[in-house]
Amino acid sequence: MSTLRGVGIGLGVAQGPIVRMTEASPAPDQTPSTLSADEERARVRDAVTVVAQELNDRGAAAGGSAQEVLEAQAMIAEDPTLQDEVDTRLDAGATAEWAVHDAFAGFRATLEAVGGYLGERAADLDDIAQRVLAHLRGVEAPGVPNPGHPFVLVARDLAPADTALLDLDQVLALITVDGGPTSHTAILAREKGIVAIVGAVEATALETGQTVIVDAAAGVVTIDPSDDEKDRAAQRSAARLAADAAPLTPGALADGTPIPLLANLGKPADAADAVARGAEGVGLFRTEFLFLSAQQAPTVSQQRESYRELLAAFPGRKVVVRMLDAGADKPLAFLNDAHEENPALGLRGLRSLRASEDILREQLTALAEADAATEADLWVMAPMVTTVEETEYFTTLAREYGLKTAGVMVEVPASALLADRVLAHADFASIGTNDLTQYTMAADRMLGSVAGFQDPWHPAVLRLVREVGAAGARLGKPVGICGEAAADPMLAVVLVGLGATSLSMAPSALADVRQMLSTRTLDEARNLAELALAADDAAGARLAVADATAPLPPHHQKETTS
């Protein structure tokens, strides 16, 4: 085996020696405790408190999406239900180590069965349990090794706590066996600009000390490369660094077709970084940050100040604000906390806002007031729109508040298939590829057991994108992409070929996408889109486009130029 494949994150290329991730500690033995239940309980409480504080500290140091993930982990560690499970085992005479191991394993299985947001959190439990067990045993928690030299890290997968604080001076690249393009590891790697390949199932055979080239653009790991291969990789890496340092320009194809590159933001404080990286506006502002940690809805004045801060950072530029997207993976006590057997298919997005219309009206009021006080070009959109009637409801309501540009998120096949009728009422459409993939493939995007289906390269998903793009072109309405797919440079070109008129992504992905777009004309993008659509599956679509865009071998280039 000289090469292996996975899903590349970004366009980077790196090379160096492999160091494998430290493996998890073995499970404790089920032996009776020699201490009292109260003494064991004190040990567990102390360990959990220390671990929760460590996670919060790591989150504060990392910032961004990593901080949100790590703070969520800290909350799980101190979850009262989990503590009750541990206590039950301690009262039965178990050791602290066994009680933690068994309670976490049981809790993990329960959450996996629930799926959705809680199903995703289940994957974090292993890391939390390992950290608590390590503290109880007085040993260092499994984590990223420190060999004392730069290295390529190979792991089954990375816990958010490890990804968040990777030393980028030491970790040259990242290869994981598990995970997909929308996994936590992939999202955090993209945010931090780490050269990464995820879902490389054959990486289990890689050994510490082997030299590899990690080519994220091609999704290929080259094992024990030749000197020529190393030289070419070094030249590409240097060229990419030079491109990153070049003056920022608006997004455009090689033939001059403008493709505005926008930022996905979660709070106003993220705006400065987006502007510094060349974001031409905001394609998705998630308003959930105001609501998720609250026991009651924020007031109009509280919302207005946050929206005003955001809009003030983008004078004269487009800022697309998504109305509160609650439900499914984001339940809210004051909006939709009723139990649902399948919340991903339940009362979420615009459905839940209509059921509590006062919250929607307060959001629109705050946005209208912030818009009047600033100079940004404010666009508003409703999440999880399924029908034409829902579209007409939201756009009519938005205009009632004087908001001149109102659109919808296309995240379910129904609205994609009726895009021409939806866009007859909406001023624009924004495609959320994460949910569109989930609903098209019938694969919960938070459930690891079906992660292999959660790939926006799948031709079924791309066909739906084409439906929306074609409807937008016929009606003269903009069609943006604001899901994770827009941050994949090669897929970004395909999406433009399918009719996307703008792309919105994590700010760290802007440079790679800008560079990739600049190498292709609109006709080339359309041709690549047809190749992807002709494939039978996501892997085939990705490979077809990669083969069509691969650089010619050096000897072939010499023959054609001589």
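The values are calculated or read from the model by the stated rules, or taken from the named source; none is laboratory data. This one's a predicted model, so the numbers in the text were calculated from it and none came from an experiment. Cβ sites come from the backbone with ideal geometry, for glycine too, and all protein chains shown count toward neighbours. Note: areas computed on protein heavy atoms with side chains; ligands, DNA, RNA excluded. Shrake-Rupley method; radii C 1.70, N 1.55, O 1.52, S 1.80 Å.
What to note about this one:
- Test result for residue 209, surrounded by fewer than 12 Cβ atoms within 10 Å (Cβ to Cβ) and in contact with a Pro (Cβ under 9 Å, 6 or more places away or on another chain): yes
Table: residues versus (1) aromatic (Phe, Trp, Tyr); (2) crowded, with 20+ Cβ neighbours inside 10 Å; (3) within 28 Å of residue 200 (Cα to Cα); (4) touching a Leu at 6+ places or on another chain (Cβ under 6 Å).
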residue: 14; (1), (2), (3), (4): no, yes, yes, yes
residue: 23; (1), (2), (3), (4): no, no, yes, no
residue: 53; (1), (2), (3), (4): no, no, no, no
residue: 94; (1), (2), (3), (4): no, yes, no, no
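Let's see how each residue does on (1) farther than 23 Å from residue 28 by Cα; (2) touching a helix residue (DSSP H, G or I) at 6+ places or on another chain (Cβ under 6 Å); (3) modelled with pLDDT under 80; (4) of a type in the set (Lys, Arg):
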{"site": "118", "(1), (2), (3), (4)": "yes, yes, yes, no"}
{"site": "131", "(1), (2), (3), (4)": "no, yes, no, yes"}
{"site": "134", "(1), (2), (3), (4)": "no, no, no, no"}
{"site": "137", "(1), (2), (3), (4)": "no, no, no, yes"}
{"site": "147", "(1), (2), (3), (4)": "yes, no, no, no"}
{"site": "158", "(1), (2), (3), (4)": "no, yes, no, no"}
{"site": "163", "(1), (2), (3), (4)": "yes, yes, yes, no"}
{"site": "166", "(1), (2), (3), (4)": "yes, no, no, no"}
{"site": "173", "(1), (2), (3), (4)": "yes, no, no, no"}
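- The set of residues in the range 44-96 that are among the charged types (D, E, K, R) and assigned to a helix (DSSP H, G or I) comprises 45, 46, 54, 57, 58, 68, 71, 84, 85, 87, 89, 91.
- Check on residue 185, in a helix (DSSP H, G or I), open to solvent by less than 30 Å² (accessible area, probe 1.4 Å) and free of Cβ contacts under 8 Å to residues at least 60 places away in the same chain: yes
- Meeting the requirement of 2 or more residues that are among the aliphatic types (A, V, I, L, M) and touching a helix residue (DSSP H, G or I) at 6+ places or on another chain (Cβ under 6 Å), the strands (runs of 3 or more DSSP E) wholly within the range 211-277 are 261-265.
- Hits in the range 372-394 - residues which are part of a helix (DSSP H, G or I) and surrounded by fewer than 24 Cβ atoms within 10 Å (Cβ to Cβ): 372, 388, 389, 390, 392, 393
- Only one of the numbered conditions (1) buried (at least 19 other Cβ atoms within 10 Å of the Cβ); (2) within 25 Å of residue 171 (Cβ to Cβ) is violated by residue 100, and that is (2).
- Being part of a strand (DSSP E or B) and without any contact (Cβ under 8 Å) to a residue 60 or more places away in the chain is not true of residue 166.
- Test for residue 88: is it open to solvent by 60 Å² or more (accessible area, probe 1.4 Å), modelled with pLDDT of 85 or more and among the hydroxyl-bearing types (Ser, Thr, Tyr): yes
- Condition check for residue 280: more than 20 Å from the chain's Cα centre (by Cα) and not β-branched (Val, Ile, Thr): yes
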